[in-house]
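Notes for the one structure printed next.
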Amino acid sequence: MAITVPRPKLTWFERLYLPAIVAGMAITLQHFKNMLLGRTKVTMQYPEQKWDAQLPEHYRGAPALVKDEAGRIRCVACQLCEFICPPRAIKIEPGEIPVKDRFSKVEKYPREFDIDMIRCIFCGMCEEVCPEQAIFLRKDYAITGLTRAEMVHNKEKLLEIGGIMHGVVLKWNEKK
Amino acid sequence: MNPTTSFVIISLLKIVGIVFLVILPMVSYAVYAERKVSALIQDRLGPNRVGPAGLFQPIADAMKFLLKEDFTPAHVNKFYYWLAPCLAMVPAITTIAVVPFGSTLFGVPMVIADINVGVLFVFAIASLGVYGIVIAGWASNSKYPFLGGVRSGSQMISYELSLGLAVVPIFLLIGNLRLTEVVRYQIDHGWMVFPFAGDWKNPAGWLLAVPMWISFAVFAIAVFAETNRLPFDLPEAETELVGGYHTEYSSMKFALFFLGEYAAMITGSAIIVTLFLGGWHFPGVPDGSHGWIFGLINIFVFFAKIAALLFIFIWVRFTLPRFRYDQLMRLGWVFFFEIALVNIFLAAAIITFFDR
Ligand code: SF4
Ligand code: SF4
């Protein structure tokens, strides 16, 4: 149903418009003055000032692979994260660990592990699904690159972001 | 050196000096000022990345415009499409030729062409500016530019009238169209907006202030309309016409329209300053015949006044909303035209009565 919005009746003083114009000009000048005097709060100046210190514990930044205290890549290339990843950003090429290796019981390791950061939506599914606690979302958020290829994080890059994770389940240690 | 050669050389020096060293940098920094002031009015920071406080932003903008692809759409009328941006820029800069921007410097009068039809020349050339817009709108062969061009044409006709009528009282008073004489008169008798200055006791001066203020207001508002600035920017009207007459333009051709608008603002302010605000005169500062330093100060005063007016242009733009088109026409034809007309009789009566 159509509603007729009644137009307000203006007094002749209001219909002159000039007082309203002057009032408006005064308001904008006030804003201008407050900005010049630095009284107005402005937004954070991003590249110079950063918010990193205030990032909450649960912040979900770039996904990254971690190593354990012994320096072993925790990932066992089970590919669960590859399957769960909603935008299919992860690509894993599993490889076999040689028998003579200290960790040969683990059997598999990722020969290649790529995460395409153009596709990743920072959902955290990979972290949640990983049975090995090998992949975590870190606090890096400024991920940039000049080409598409640059935006694909390979294994080295992922390990570099991830670093070493302490205090997680170490189920392979007793089987060494 | 014979007089003709030296005249030509001095004129060329003045043209190069004023156009390339003052007006064009002023145009680009007017764009910067517009961005900065609008930002501060809207509680933002504005350009602050290129150079200290973003001061090199105009240079970066110019680089961007020059390096962009200069695209000519297939459906345009090529000849006029190329002609229009030039037509938008040229009149705006040409007008400055007759405006006295300083007293004298080393005995040389600081005006490029001191002609006796000064203000007529200004109106004649300034009204050519609309052709750039109308031709751009027509040559673009597309509906939004066309509407913008048509609007610009009718807007120009409606406001040119009040623009012309508003200055008549001044010339009734002075009896000379030469702009240097206008400035000279204002130095002797007080600025046009303060005709009572100096001779405080005389009621004629105070009475004369009434038509002068009306003239000033009407003229200033008409200049806003002539330069297509908000609240009269209907030919552009981003929100309704997608940019209006320059919708189909890109890179440097667009920049010419853009800079032409600012150049028109600067010349418009220069005319206002010359006619109403005493030109290069500042109370207590002698003219250039007392030493070159005063000549320089006079020039500086002139451009400082222009800068103050530019600030008002920007301030108004970021305060007032755009008029509806019928309101704009009504305002032009029903109010300003009549006010300016009655004002002439008022001024004439006062001048005859007090025999000024
Ligand atoms: S965070 Fe989500 S989108 Fe990104 S890699 Fe992990 S599962 Fe894929
Ligand atoms: S990161 Fe975790 S889920 Fe992904 S392949 Fe390695 S072990 Fe499996």
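Just so you know, all these numbers are worked out from the coordinates, no wet-lab data involved. In this text the structure is predicted, and so the values were computed from the model without any measurement. With ideal geometry, Cβ positions are generated from the backbone for all residues, glycine too; neighbour counts draw on all protein chains shown.
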>> With +1 assigned to the C-beta of every Lys and Arg and -1 to the C-beta of every Asp and Glu, and no other charges, what is the dipole magnitude of region A:42-176 about the Cα centre in debye, to the nearest 20?
In response: 320 debye
> Could you state the number of Å between the C-alpha centres of region B:129-144 and region B:251-315?
Replying inline: 29 Å
> Hey, what number do you get for the protein assembly as shown at 222 nm if only DSSP H runs of n ≥ 4 count, each worth -39500 (n - 2.57), divided across all residues, to the nearest 500?
Replying inline: -16000 deg cm²/dmol
> Quick one: if you stick a label point 7 Å off each Cα along the C-beta vector at A:Glu69 and A:Arg88, how many nm between them?
Replying inline: 4.1 nm
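Per residue, how much space in cubic angstrom lies within the convex hull of the C-alpha atoms of chain B? Please list the in-between numbers first.
On the way: hull volume 55.6 nm³, N = 356.
Output value, Cα hull per residue: 156 Å³.
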>> Straight-line reach from A:Lys50: which aspartates and glutamates fall under 15 Å, measuring Cα to Cα and dropping same-chain residues less than 8 apart?
In response: A:Asp140
> A:Lys108's amide H: which non-local residues (gap 5+, or another chain) put their own amide H closer than 5 Å, with H modeled 1.01 Å from N in plane and none for Pro or chain starts?
Replying inline: A:Ile97
> Hey, got the dipole for the protein assembly as shown? About the Cα centre, +1 on K and R Cβ, -1 on D and E Cβ, debye to the nearest 20?
Replying inline: 820 debye
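Can you work out the FRET efficiency for the pair B:Glu338 and A:Ile118, with r the C-beta to C-beta distance and R0 = 41 Å, to the nearest 0.05? Can you show the working numbers first?
Working: r = 64 Å, r/R0 = 1.57.
Result of the calculation: an efficiency of 0.05.
Counting other beta carbons within 10 Å of each residue's own, what order do A:Met1, B:Met89 fall into, fewest first? Present the calculation step by step, with values, prior to reporting the outcome.
On the way: A:Met1 2, B:Met89 22.
In order of increasing Cβ crowding within 10 Å: A:Met1, B:Met89.
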> Hey, which aspartates and glutamates would be in cross-link range of A:Lys155, C-alpha to C-alpha under 15 Å, not counting anything within fewer than 8 residues on its own chain?
Replying inline: A:Glu82, A:Glu93, A:Glu112, A:Asp114, A:Asp116
> Under 20 Å from the Cα of A:Lys9, which aspartates and glutamates turn up, not counting those fewer than eight places away in the same chain?
Replying inline: none
> Hey, rough spin-label estimate for B:Tyr80 and B:Val285, points 7 angstrom out along Cα→Cβ, what's it come to in nanometres?
Replying inline: 4.6 nm
>> Suppose the chain between B:Lys68 and B:Phe311 were pulled fully straight at 0.36 nm per residue; how much longer would it get relative to their current alpha carbon spacing?
In response: 84.5 nm
> Considering region B:167-211, what Rg and Dmax in Å follow from its alpha-carbon atoms?
Replying inline: 10.1, 29
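Counting only chymotrypsin sites (Phe, Trp or Tyr not before Pro) that are in a DSSP loop and have at most 15 other C-beta atoms within 10 Å, tell me the longest site-free stretch of chain B.
On the way: sites that count: B:Phe56, B:Phe71, B:Phe106, B:Trp200.
Free of exposed loop sites, the longest segment is B:201-356.
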> Hey, what do the phi angles of region A:135-144 turn into as Karplus ³J(HN,Hα) couplings, whole Hz, using 6.51/-1.76/1.60 and θ = phi - 60°, x for Gly and Pro?
Replying inline: 10, 10, 8, 8, 8, 6, 10, 8, 9, 10
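Here is the link list: A:Lys139/B:Lys36; B:Lys14/B:Lys36; A:Lys67/A:Lys139; A:Lys67/A:Lys108; A:Lys91/A:Lys157; A:Lys41/B:Lys68. Which ones come out longer than 25 Å on Cα distance?
Numbers: A:Lys139/B:Lys36 35 Å; B:Lys14/B:Lys36 31 Å; A:Lys67/A:Lys139 17 Å; A:Lys67/A:Lys108 15 Å; A:Lys91/A:Lys157 14 Å; A:Lys41/B:Lys68 36 Å.
Exceeds cut-off: A:Lys139/B:Lys36; B:Lys14/B:Lys36; A:Lys41/B:Lys68.
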> When the chain is fully extended, how far beyond the present Cα-Cα distance does B:Phe20 get from B:Arg330, taking 0.36 nm per residue of separation?
Replying inline: 107.6 nm
> HN-Hα J couplings of region B:82-98 from phi, Karplus 6.51/-1.76/1.60, θ = phi - 60°, integer Hz, Gly and Pro as x?
Replying inline: 7, 6, 4, x, 5, 5, 6, 8, 4, x, 4, 7, 4, 4, 5, 4, 9
> What list of whole percents do you get for P(r) of the protein assembly as shown, with Cα-Cα distances grouped in 20 Å bins up to the one holding the largest distance?
Replying inline: 17, 37, 23, 15, 7, 1
